[in-house]
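Okay, so here's the structure we're looking at.
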């Protein structure tokens, strides 16, 4: 969802790449809740870091604890930051299909949107040595998001 939001909301200055430490496939609930807000991610696919193009990233954003703990070192000037979000598949594993499960995906979708909307300001603040909870940015960094 973070890559889809980054492409949709910040695609004029971010070139996002999304990968995980494991492949899980494209989650149909994530696709559904993103479509509800007009973001089509049906063409996205689950991939690992090894499948990304060989690029020097400006920023690496991890969005779950496992990715943060297992995130590899990136050569060059990549700055790694973490913005944790709950993992909808884990939270809903034992829930029956339906509105209760979708509500979890919608909540996390909206939290990710808020974070992506703040990226320009957040990355600017971080570039100046600020804390992640602050906001601000200029320039055109490449963003790579590493979900768990």
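The values are calculated or read from the model by the stated rules, or taken from the named source; none is laboratory data. For clarity, every value in this text was computed on a predicted model and none was experimentally measured. Cβ sites come from the backbone with ideal geometry, for glycine too, and all protein chains shown count toward neighbours.
Here residue 36 meets the list (1) at pLDDT below 85; (2) surrounded by fewer than 14 Cβ atoms within 10 Å (Cβ to Cβ); (3) within 24 Å of residue 93 (Cα to Cα) almost entirely, failing just condition (1).
Just the residues that are surrounded by 13 or more Cβ atoms within 10 Å (Cβ to Cβ) and part of a loop (DSSP other than H, G, I, E, B), please, taken from the range 43-63.
Of everything in the range 43-63, those that are surrounded by 13 or more Cβ atoms within 10 Å (Cβ to Cβ) and part of a loop (DSSP other than H, G, I, E, B) turn out to be 44, 46, 47, 52, 55, 57, 58, 63.
Considering the range 121-148, and only residues there that are buried (at least 18 other Cβ atoms within 10 Å of the Cβ) and over 23 Å from residue 49 (Cβ atoms), the residue that is modelled with the highest pLDDT turns out to be 125. Would a scan of the range 24-34 turn up a residue that is assigned to a strand (DSSP E or B) and either over 12 Å from the mean Cα position of the chain (by Cα) or without any contact (Cβ under 8 Å) to a residue 60 or more places away in the chain (or both)? Checking the range 24-34: not a single residue is assigned to a strand (DSSP E or B) and either over 12 Å from the mean Cα position of the chain (by Cα) or without any contact (Cβ under 8 Å) to a residue 60 or more places away in the chain (or both). Residue count for the range 74-110 satisfying the condition of being modelled with pLDDT under 95 and either surrounded by 14 or more Cβ atoms within 10 Å (Cβ to Cβ) or within 18 Å of the chain's Cα centre (by Cα) (or both): 15.
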